[in-house]
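Undergrad: After the structure tokens below, expect a handful of questions from me.
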Amino acid sequence: MARHKIYQEEEFPSPFIQLWLIFRQSPVVMIGFGSFLFLTVLAVFSPLLTPYSPVESHLNSLLLPPAWDDAGDISYLLGTDNLGRDMLSRLMHGTSLTFGLSFIVVIISLVIGVIIGSLSALTKGIKSSFLNHFLDVILSIPSLLLAIVIVAILGPGLDNTLWAIVMVLIPQFVHITRNAVKEELTKDYVLASRLDGAGSLRILSYSVFPNIIEKIVSQATLAQSAAILDIAALGFLGLGAPIPLPEWGAMLSNGIDLFYIAPWTVYLPGLAILFAVVATNLVGEGMRHAIRQRKES
Amino acid sequence: MLVFIIRRLNLFFFTMLLLTLLTFSLSFLFPGDPLVNLSGQINATPQQLEQLKLAYKSDQGIMQQYFAYLSHLAEGDLGLSMASQTQITSEIINLLPATIELSLIALMLAMFVGIPLGFIAAVNHRKTADNIILSVAMLGYSVPVFWLGLVAILVFSIQLGWFPSAGQLSLVYEIEHVTGIQFIDILLSDSVYKWQAFRDASAHIVLPACVVATAPATIFIRLARSSMLAVLETHYIKAARAKGLTFRQIIFRHAVRNSLLQIIRHIGLQFANLVTIAMITEVIFSWPGIGRWLIESIYQRDYTGIQSGLLVLSTFIFIVHIVTDFIYAALNPLAREHNHGTS
């Protein structure tokens, strides 16, 4: 906190624009951001863009290798699987399942987690201590294990997986919001507005939230990469999306039996997951870097 | 130090209480009769059910039921597995050592690879080496573990044929089950083929351990890098530099030790992550550990199994957590003193 600059601050762009200006400086981060946007567009418009239906079988072209292979066919750019379904269409549809759903999951758990976290930051004493310990317990159970247990309660299926992952992600958001709000509450500007007579809720929404929103968003990118991996892992274990759905993890486990004769049915979904997670992580990394830089300047 | 120990034990007690509450409430949340879920006896006769009711006090209040459950746990009775109708405790005692072996070896591997790489990256801050190490770390952090395991099997077991693709030890070797940790058992056994068996066991563990270690190693790279960078900024490093120590002396004598401290603190936190990865890896490599058993018990709707597996795995993670806390406090006097107020 450089206090002597306080009168020059009018010349600076708003905090959010500052963040963006630092964020866009790194080309690698911008590539990641571009890929992230690309995936988002694909997730929304995949039904319009795909050449074939993801469940349509082309029985005279089973297990075609990708088009760059000698035996490949250009009308099936990334080949077909054991039932003659077009890999490209399935991967594109899978974007809206694996990537798109992870986005929704993160937003739901973000909202719930931030509400619980900020309320808990306002409590003190035994209630707060109990919550702290409870969070410690939940956070130290492996997230996938917890998700598996919740799936075992609710029964397998894509919807239940999503709820399970929402519940697993909530404690992380509670934790980070709680710490961030507590940190802000000790600062002078909060005291100033408290002296002005603002109530706790008003302080939260007008003073604290604008200052911690970036921290929460950067946690959200971390949570999203974890959510993509968890959805795919549960799909892979056969606990998530049912087999005909083109979810990337389920596609991967579907290809295992044919791994040796048709390796593309396994490595393409894997690469898709890797691509989505790398893009998400790059955006998050760029954001954290930008927040740090802005703090230093 | 005494206050520190009491605080930690208190925390451990409290977390175990919450954890057992969680597993106890699972028996009500799972479909089916809570009593059957707790005991795992699906084919019990009416007389046996009466006995179970007495043992688990299920006709009394919920607190009595919980304490009955706790006393069963204290006696080491986790109930019967619904799928195989054998004692879960004995199954877990058979399986847990394999998981401990795999996860500890992977943790070692991750630390020995990740931490030096992180230090190298920090010393070459914002140079080519740093950038390369960071990009590799980003890739390794993002790769889905089940895919990595499959690709590793395809490349190293099927195409190159260097390592076996499944299991813990070739069936040719007959090793007596003493501790359950394969390497110790082999060394204890008096077989003529001891060293061949040892080599075979090592070949079996290479691929799964590497796959499990990948993601934690990248986290260690980042932790080591940031803690080394923080240490290099401090005044005592400046003082050491002003004293005229060479770069090598500064790094090895002062910087490495102090930054290792910060990393040790995070090992416990990373361990939960590592165990998750180990569970999936066990499925892929058919490793006879508790993770694979747990996932199979989900397929078989073995609720007693799921409940006890969760309890045992989480307890294992807590114990590692607490042990690293103690190691950290033993190495760093500062950590012992700051524990009085609420943290």
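Undergrad: Having 3 or more residues that are touching a residue at least 60 places away in the same chain (Cβ under 8 Å) and not hydrophobic (A, V, I, L, M, F, W, C) is the bar; report the helices (runs of 4 or more DSSP H) wholly within the range B:133-251 that clear it.
TA: Details: elements: B:145-152, B:182-188, B:194-232, B:235-242.
Helices (runs of 4 or more DSSP H) meeting the threshold: B:194-232.
Undergrad: Let me ask something additional. Across the range A:32-84, what is the number of residues that are in contact (Cβ under 8 Å) with a residue 40 or more places away in the chain and surrounded by 15 or more Cβ atoms within 10 Å (Cβ to Cβ)?
TA: Going through the range A:32-84 one residue at a time, the tally reaches 18.
Undergrad: If you don't mind, another one. All but one of (1) more than 14 Å from chain A (Cβ to nearest Cβ); (2) in contact (Cβ under 8 Å) with a residue 12 or more places away in the chain hold for B:LEU21; state the number of the condition that does not hold.
TA: So B:LEU21 meets the others, but not (1).
Undergrad: May I pose another question? So B:LEU261 fits all but one of (1) at pLDDT below 90; (2) assigned to a helix (DSSP H, G or I); (3) within 17 Å of the chain's Cα centre (by Cα); what number is the exception?
TA: (3)
Undergrad: Quick one: would you say A:ILE108 is touching a residue at least 12 places away in the same chain (Cβ under 8 Å) and surrounded by fewer than 20 Cβ atoms within 10 Å (Cβ to Cβ)?
TA: Numbers: touching a residue at least 12 places away in the same chain (Cβ under 8 Å): yes; surrounded by fewer than 20 Cβ atoms within 10 Å (Cβ to Cβ): yes.
Here the answer is yes, as A:ILE108 does meet what is asked.
Undergrad: Another question, then. When A:HIS175 is evaluated against the numbered criteria (1) buried (at least 17 other Cβ atoms within 10 Å of the Cβ); (2) within 14 Å of chain B (Cβ to nearest Cβ); (3) under 22 Å from B:MET279 (Cα atoms), which criterion, by number, is the only one it fails?
TA: Evaluating A:HIS175 over (1) buried (at least 17 other Cβ atoms within 10 Å of the Cβ); (2) within 14 Å of chain B (Cβ to nearest Cβ); (3) under 22 Å from B:MET279 (Cα atoms) leaves (3) as the failure.
Undergrad: Here's another thing I want to ask about it. How many residues are assigned to a helix (DSSP H, G or I) and facing another protein chain (nearest Cβ under 8 Å) when one looks only at the range A:254-268?
TA: Selection size over the range A:254-268: 3.
Undergrad: The conditions are (1) within 14 Å of chain A (Cβ to nearest Cβ); (2) hydroxyl-bearing (Ser, Thr, Tyr); (3) farther than 25 Å from B:ARG292 by Cα, and B:SER157 fails exactly one of them. Which is it?
TA: For B:SER157, the exception is condition (3).
Undergrad: Hey, can you tell me all the residues within the range B:146-197 that are in contact with a Ser or Thr (Cβ under 6 Å, 6 or more places away or on another chain), more than 30 Å from A:GLY235 (Cβ to Cβ) and hydrophobic (A, V, I, L, M, F, W, C)?
TA: The one that is in contact with a Ser or Thr (Cβ under 6 Å, 6 or more places away or on another chain), more than 30 Å from A:GLY235 (Cβ to Cβ) and hydrophobic (A, V, I, L, M, F, W, C): B:ILE175.
Undergrad: Select the helices (runs of 4 or more DSSP H) contained entirely in the range B:1-68, then report the ones holding at least 3 residues which are closer than 30 Å to B:ALA335 by Cβ.
TA: In the range B:1-68, B:2-29 are the helices (runs of 4 or more DSSP H) which contain 3 or more residues that are closer than 30 Å to B:ALA335 by Cβ.
Quick grid of which residues meet (1) assigned to a helix (DSSP H, G or I); (2) more than 20 Å from B:GLY140 (Cβ to Cβ); (3) modelled with pLDDT of 90 or more:
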residue: A:LYS215; (1), (2), (3): yes, yes, no
residue: A:ALA223; (1), (2), (3): yes, no, yes
residue: A:GLY238; (1), (2), (3): no, yes, no
residue: A:PRO242; (1), (2), (3): no, yes, no
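Undergrad: Can you confirm whether B:ARG199 is under 30 Å from B:SER142 (Cβ atoms) and of a type in the set (D, E, K, R)?
TA: no
Undergrad: In the range A:122-159, how many residues are within 15 Å of B:LEU19 (Cα to Cα) and either more than 10 Å from chain B (Cβ to nearest Cβ) or touching a residue at least 40 places away in the same chain (Cβ under 8 Å) (or both)?
TA: Qualifying residue count for the region: 3.
Undergrad: Any residue at all in the range B:288-296 that is more than 13 Å from chain A (Cβ to nearest Cβ), outside any helix (DSSP H, G or I) and out of contact with any Phe, Trp or Tyr (no Cβ under 7 Å at 6 or more places or on another chain)?
TA: Checking the range B:288-296: at least one residue is more than 13 Å from chain A (Cβ to nearest Cβ), outside any helix (DSSP H, G or I) and out of contact with any Phe, Trp or Tyr (no Cβ under 7 Å at 6 or more places or on another chain).
Undergrad: Here's a follow-up. Taking the options A:SER200, A:SER225, A:SER193, A:SER218, name whichever one is polar (S, T, N, Q), without any contact (Cβ under 8 Å) to a residue 24 or more places away in the chain and either within 22 Å of A:HIS289 (Cβ to Cβ) or surrounded by 14 or more Cβ atoms within 10 Å (Cβ to Cβ) (or both).
TA: A:SER193
Undergrad: Identify all residues within the range A:17-31 that are loosely packed, with under 12 Cβ neighbours inside 10 Å and either in a loop (DSSP other than H, G, I, E, B) or modelled with pLDDT under 85 (or both); write none if there are none.
TA: Correct list: A:ILE17 only.
Undergrad: Something else about it: Quick one: in the range B:66-87, which of the residues that are over 18 Å from B:MET16 (Cβ atoms) and either surrounded by 16 or more Cβ atoms within 10 Å (Cβ to Cβ) or in contact with a helix residue (DSSP H, G or I) (Cβ under 9 Å, 6 or more places away or on another chain) (or both) is modelled with the highest pLDDT?
TA: Per the stated criteria, the residue is B:GLN87.
Undergrad: Going by what's in this entry, would A:VAL114 be described as more than 30 Å from B:TYR303 (Cβ to Cβ) and within 19 Å of the chain's Cα centre (by Cα)?
TA: The answer is yes for A:VAL114.
The values are calculated or read from the model by the stated rules, or taken from the named source; none is laboratory data. This one's a predicted model, so the numbers in the text were calculated from it and none came from an experiment. Neighbour counts are summed over all protein chains in view; Cβ atoms, including those assigned to glycine, are modelled from backbone coordinates with ideal geometry.
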